[in-house]
Amino acid sequence: MKRNKTFSAKQEKVERKWYLVDATDKVLGRLATKVSTVLRGKDEEIFTPSCDTGDFVIVINASKIKVTGKKLQDKVYFSHSMYPGGAKFRSLEEQLANHPDKVILHAVRGMLPTGRLGDKLITKLKVYKDDKFPHSAQKPEALTI
């Protein structure tokens, strides 16, 4: 009787691609879901939960992202400096005006695993607020959402 062995991807044998996503008029949550799936490698047939099998993703035009409902005023980003009275609260509208790249990074990071694997995966995401990016040498393919 012959048994099938479970395939487990090796970190050094994974071939990575580069994808380019234009965030113009895209809904934030739907964009973050697709980007996190590609970063994690869940759309690949060699997906292994404990291994980084995903690809690189470049997101451009982050300042032109859309959200539904009243999230622009209601959604709040919280940070703390760890000093007394160091709490900072920003609405999504303020965050998009000042740091639109951090909005997408925060949304995608929440959809990745916590720990060392998630920290490694988020470094493969490059977000830019306009349509200029320095990764043209990697010849990124367009990713439709």
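The values are calculated or read from the model by the stated rules, or taken from the named source; none is laboratory data. What you are looking at is a predicted structure, and each value in this text was computed from that prediction instead of being measured. FYI the Cβ positions are ideal-geometry reconstructions off the backbone, even for glycines, and counts take in every protein chain you see.
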| In the range 101-127, what residues are in a helix (DSSP H, G or I) and touching a Ser or Thr at 6+ places or on another chain (Cβ under 6 Å)? | VAL108
| task | May I ask you to list the residues in the range 1-30 that are modelled with pLDDT of 95 or more, among the basic types (Lys, Arg) and not in a loop (DSSP other than H, G, I, E, B)? | result | ARG30
| field | the range 36-51 - residue that is over 15 Å from LYS126 (Cβ atoms) and either without any contact (Cβ under 8 Å) to a residue 12 or more places away in the chain or under 14 Å from the mean Cα position of the chain (by Cα) (or both) and, of those, surrounded by the fewest Cβ atoms within 10 Å (Cβ to Cβ) | value | GLU45
| Would the range 79-100 turn up any residue that is touching a residue at least 40 places away in the same chain (Cβ under 8 Å), within 30 Å of LYS42 (Cα to Cα) and assigned to a helix (DSSP H, G or I)? | no
| THR33 versus (1) hydroxyl-bearing (Ser, Thr, Tyr); (2) crowded, with 16+ Cβ neighbours inside 10 Å; (3) out of contact with any Leu (no Cβ under 7 Å at 6 or more places or on another chain); (4) modelled with pLDDT of 95 or more: which is the lone unmet condition? | (2)
